[in-house]
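Participant: The structure's right below; bear with me while I get my questions together.
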Amino acid sequence: MYPTLLSFGPVTIYSYGVLLAAAYLVGLKLALFRSARQGFDANKVMDLGILIIVSALVGAKLMLFIVDFEYFSQ
């Protein structure tokens, strides 16, 4: 696997970020598809999906800060 997919001067696109974004989008699309079959409101499912994605990213950064507090306190 290539760690760096593209590099445009100072901007670098990493494969991990692309795969993570693809996983989020596929998961959200699957949730929308399944919710439509169950009769749920698509807007509420989309709002919940975005809230889950943002909460997961913020929670992961917060946990990284808690676990590696010594590194960040220097």
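Participant: Criterion first (at pLDDT 95 or above and part of a helix (DSSP H, G or I)) does residue 30 satisfy it?
Facilitator: Working: at pLDDT 95 or above: yes; part of a helix (DSSP H, G or I): yes.
Criteria met by residue 30.
Participant: Something else about it: Applying the selection to the stretch 4-22, what residues are in a helix (DSSP H, G or I) and either modelled with pLDDT under 95 or over 9 Å from the mean Cα position of the chain (by Cα) (or both)?
Facilitator: Filtering the stretch 4-22 for residues in a helix (DSSP H, G or I) gives 15-22.
Result: 15, 16, 17, 18, 19, 20, 21.
Participant: Can you tell which of 48, 20 is closer than 30 Å to residue 72 by Cα and either touching a residue at least 60 places away in the same chain (Cβ under 8 Å) or not small (Gly, Ala, Ser) (or both)? Steps first, answer last, please.
Facilitator: On the way: 48 fails: closer than 30 Å to residue 72 by Cα.
Result of the check over 48, 20: 20.
Participant: Restricting attention to the stretch 46-73, report how many residues are over 21 Å from residue 17 (Cβ atoms), under 16 Å from the mean Cα position of the chain (by Cα) and either outside any helix (DSSP H, G or I) or not acidic (Asp, Glu) (or both).
Facilitator: 2
Participant: Given the conditions (1) at pLDDT 95 or above; (2) surrounded by 11 or more Cβ atoms within 10 Å (Cβ to Cβ); (3) not basic (Lys, Arg), which single one is not true for residue 66?
Facilitator: (2)
The values are calculated or read from the model by the stated rules, or taken from the named source; none is laboratory data. Computed from a prediction, not measured in an experiment: that's the story for all the values here. Note that each Cβ is placed from the backbone with ideal geometry, even for glycine, and that neighbours are counted across all protein chains shown.
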